[in-house]
Amino acid sequence: MKIVGIQSSPRGKNSNTLKLLNAALDGASKAGAEVESIDIAKLKIKYCTACNTCHETGECTIKDDYEMVLKKLLTADGIVLSSPNYITNVTAQLKTMFDRSPLVIHEQLFEGKYSLSLTTAGSDELDFVLGIMDNFIVHCGGKTIGGVGCSVARGPEAMEEAIIKSREMGKDLVEAIKEKRQYPEQEARHEAWRERFKYVVLANKDQWTHNCDYWMEKGWLKE
Ligand SMILES: Cc1cc2nc3c(=O)[nH]c(=O)nc-3n(C[C@H](O)[C@H](O)[C@H](O)COP(=O)(O)O)c2cc1C
């Protein structure tokens, strides 16, 4: 079992959020998973240009580090997304990675994968940022087991508590993958999305040939 963690704070080893990510990956590793951490803030990932070529060919025209990141995410059973709160949002680094993922969304390529979200903030604005990461995963066809957040203003004890919780959640991520845990509300969202998006794929079938073939193969275009 493979779990890939994404770090997106530009503060490298000084990052508060990295402490939560390291704890979650440590928990996952102790529970038997092979873990890997990717610091996307150190990589070159350009903005999506909205050329839509990926929907036609299955490949992005931009050749940069996103290709390697996506490959690792696609081979992972579990994903840990982490980001500090930047203006009540994820960092630009993580948002850029999200924006490069329309193929993952159109073809629901995270189907069967489980995730965990982690954030730290100066204030108590934690849930909104965790929700952005959870929503990305569900939008890509995956399932989230939830998240851990910490307001650094609450001091070192709060951080210690969040580190302990992140380690437990990392272990739980491994359990969720092992038992193929069901999340009926998220599964209903996947189904509702596919039902709505079917018409978008059909409306673009002449251009989005890769998407269309994929949907046919999956049997998602049936009435
Ligand atoms: C550009 C920037 C924007 C921020 N915006 C917010 C914010 O809107 N709300 C908040 O609570 N904290 C905000 N913070 C504080 C960080 O979320 C907080 O310090 C966090 O722990 C940093 O994580 P890191 O050490 O992993 O980079 C911001 C920090 C920076 C540098």
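The values are calculated or read from the model by the stated rules, or taken from the named source; none is laboratory data. Just so you know, these numbers come straight off a predicted model, no measurement behind them. We place every Cβ from the backbone using ideal geometry, glycine too, and count neighbours over all the protein chains shown.
Here are the numbers for the structure shown:
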quantity	calculated
Pairs with Cβ under 8 Å, 6+ apart, first in region 1-29 and within 19 Å of residue 155 (Cα to Cα) and among the hydrophobic types (A, V, I, L, M, F, W, C), second assigned to a helix (DSSP H, G or I) and within 11 Å of the ligand (Cβ to nearest atom)	18/12; 20/162
Region 1-50 - residue that is under 17 Å from residue 163 (Cα atoms) and among the charged types (D, E, K, R) and, of those, farthest from the ligand (Cβ to nearest atom)	30
Filter result (under 11 Å from the mean Cα position of the chain (by Cα) and buried (at least 18 other Cβ atoms within 10 Å of the Cβ)) within region 84-108	94, 97, 98, 101, 104
Residue 136, sole failed condition from (1) closer than 29 Å to residue 32 by Cβ; (2) in contact with a Leu (Cβ under 9 Å, 6 or more places away or on another chain); (3) surrounded by fewer than 22 Cβ atoms within 10 Å (Cβ to Cβ)	(3)
Listing of helices (runs of 4 or more DSSP H) fully contained in region 52-143 that carry 3 or more residues being over 25 Å from residue 203 (Cα atoms) and either at pLDDT 95 or above or within 16 Å of the ligand (Cβ to nearest atom) (or both)	66-75, 92-99, 127-139
